[in-house]
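The values are calculated or read from the model by the stated rules, or taken from the named source; none is laboratory data. Note that this is a predicted model, so its numbers are computed, not measured. So basically every Cβ, Gly included, is an ideal-geometry build from the backbone, and we count neighbours across all protein chains shown. Note: areas computed on protein heavy atoms with side chains; ligands, DNA, RNA excluded. Shrake-Rupley method; radii C 1.70, N 1.55, O 1.52, S 1.80 Å.
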Amino acid sequence: MAGFSALVETGESEAVAAVRRLADDIVVPVAHQYSGQLVKTLGDGFLLEFGTSVQAVKAALLIAKRTAASAASRPPPHLHLRMGIHTGNVIAAGGDLFGSCVNIAARLESLAGPGEICVSGTVQEQVRGRINAAFDDLGLQVIRNISDPVRIFRIAENPMPRFEAEGPAYEVSIAVLPFLNKSPGAPGADSLAETLTEDVTIGLSRFRDLRVISRTSAFRFASSASETSLAAVELGVRYLAEGTVRQRPGKLRVAVSLADGYSGTTLFSEQYHLDDEAGFSRQDALARQITQTLAGQLQATAKRMSAEVLANGGPWTSRELVLQAKALTLDTRDALHRCRQLYQTACVSDQGNPSAYSGLALTYLVEWMSGWGLSPEDTLDQAFPCLRRAARIDPLDSAVQRRLAIMHLFKGDFPMAEDHFQRALALNPNDTEAMAFRGLSYVYRGQPEKALAELDQASVRNPFHPTYFHWFRGLALYMCREYLPAISEVNKAVGLFPGFPAPHCHLAACYAQLGDRAAAARQCGRILGLEPEFSVARISKTLPFVRAADLEHYCDGLLRAGLPD
């Protein structure tokens, strides 16, 4: 146990407590998980016994990861385990183990560095190809009281993920483990489980900010629920998605969960129901819904974790700067400017990072939507070169294509916008943000009913959608003269993020059309508090309505509310 002496210097009782905590919280539970047992504690070490070499190595990998995680959450000094593994016959007597096998394992442990695992050649031969790890050959070593030299291998670090929030760059990595059929013999259950596993894996892989392990790699964990906590280590990912299919009278129930592969914590779980005779289209819709929900949960988790980067201080990599920028809510000018500065620094740090240029363009699009720019035309013109560069670096990024579509939409170039919307959805059919902005384009093109259908479909696919889905739906309802439903819809967004001017404008117009002068006046006060220079004439020059009557209808609501002309 490396670090034990330093811990003793801080206090013997604290050192003993740390060893006990390590045994109770990590070593013993993991040993039991792999059918092993703690034979005895050696003061600053442990002697463990397992039935097979594979069980011993898998347990050692998981113990190493959980020990590293525990150390990362506590102030120094830290405890780091050195581990040695050998296989052979032992003699059990008096609650202890004896024999050359024990002596060789102890020698292997002494050759390992802090946090490392050394195994004998015999163990390496037995586990090779059965675990996802590489081995460094340390050659033959002479061990005291052992006549023949022993070949020693150290488990290589590179294929084993370091336990940090998401690796050095906070990478969001996931494996979709094979969905399990819990009702053998049920017609269609096996087929549905296989289809969902494949479709969800493919669907998640369309999101460029996620690293998704191939279905083939994850397939060997089928029917291995007892080993899923180690699957993250063996597959080199942080998160695991699992699912089951069960037969119920007249329907199939699908349960899906998302877990932190290292801690074992369940981050999300949901159940879905499907009629026994549901066709392929319904199965496809279910797969899309599961995919988008998992992607949304992963992206939200990444945003929360990215705050840790900022707390740890710099210097930061380009990718870390991008993650910090993504975590900001752009509901004020100050937040927008902080976000822009992060993206600009990320672009300078790595001129080959497409997310940095795409994110920088996003700040100009948000500035246009919020009316915060001095010149709407100049604002959009600044977004274009950023998006063009991002598209050249990564032409397969659906987010870049979506933002190009939004830029053309705001410029009123609807054919170009539709072309890029189609590209974005071809690259990622589960890009519900592209669907939502496409719905907004239908509003501006005078097709609010079609916009509502598109926005409803996007909301069904993504239950955890951004709040601006509500703005867009509220505007579509306003254009349909459905003012009360529009108010209800927009209030869902305003309640969460009251700093955006646009939804307050929608509310003011709706209240004015209903003749509720007091409510309209309250919204006008909030708009002018956010934007003292607001005028209807200025906003009318930016809204790209195709039909003059639609623009007049919207501006009429704002003027009736009492906003300055």
Might you report the magnitude of the Cβ-based charge dipole of the range 4-155 about its Cα centre, with Lys and Arg at +1 and Asp and Glu at -1, to the nearest 20 debye?
340 debye
Over the chain, with every protein chain in place, what whole percent of the accessible area is carbon and sulfur at 1.4 Å, could you tell me?
50 percent
Please arrange Asp334, Asp381 by accessible surface area, largest first, computed with a 1.4 Å probe and ligands excluded.
Asp334, Asp381
I'd like the accessible area for Met479: 1.4 Å probe, protein heavy atoms, all chains in place, Å² to the nearest 10.
20 Å²
Towards the positive end of the charge dipole of the chain, with charges on Cβ (+1 Lys, Arg; -1 Asp, Glu), say which of Gly296, Gln55, Gly439 has the farthest Cα.
Gly439
Is there a quick way to get the dipole size of the chain? I mean about its Cα centre, with the Cβ of Lys and Arg at +1 and of Asp and Glu at -1; what is the value in debye to the nearest 20?
240 debye
Report the equivalent ellipsoid semi-axes for the range 24-117 in whole Å, largest first, defined as the square roots of five times the eigenvalues of the gyration tensor built from alpha carbon atoms.
22, 14, 12
May I ask for the Kirkwood hydrodynamic radius of the range 318-561, worked out over all distinct Cα pairs and given in angstroms to one decimal?
18.2 Å
Can you list residues from other chains, or at least 5 along the same chain, whose modelled amide H is less than 5 Å from the amide H of Ile143?
Val150
The answer for Asn181, listing residues at least 5 apart or on another chain whose modeled amide H is closer than 5 Å to its amide H, is Val245
Which value, in Å², gives the accessible area per residue of the chain when a 1.4 Å probe is used on the protein heavy atoms?
45 Å²
Arrange the residues Ile393, Ile487 by how much accessible surface each exposes, largest first, with a 1.4 angstrom probe.
Ile393, Ile487
If each part is reduced to its alpha-carbon centroid, the range 92-129 and the range 439-516 end up apart, in Å, by 65 Å
Regarding the range 317-425, what are the three Cα extents along the principal axes, ordered largest first, in Å?
37, 31, 20
Along principal axes, Cα extents of the range 104-151, largest first, whole Å
33, 24, 15
Size of the dipole of the range 318-561 about the Cα centre, Lys and Arg at +1 and Asp and Glu at -1 on the beta carbon, nothing else charged, in debye to 20?
140 debye
Just need the relative contact order of the chain here, percent rounded to a whole number, with Cα pairs under 8 Å and 6+ apart.
7 percent
Mean separation of Cα pairs under 8 Å and 6+ residues apart, divided by the residue count of the range 318-561: what relative contact order is that in percent?
14 percent
How high is the relative contact order of the range 172-300, in percent, with contacts defined as C-alpha pairs under 8 Å that are six or more residues apart?
28 percent
Please report the Cα spread of the chain along all three principal axes, rounded to whole Å, starting with the longest.
95, 58, 44
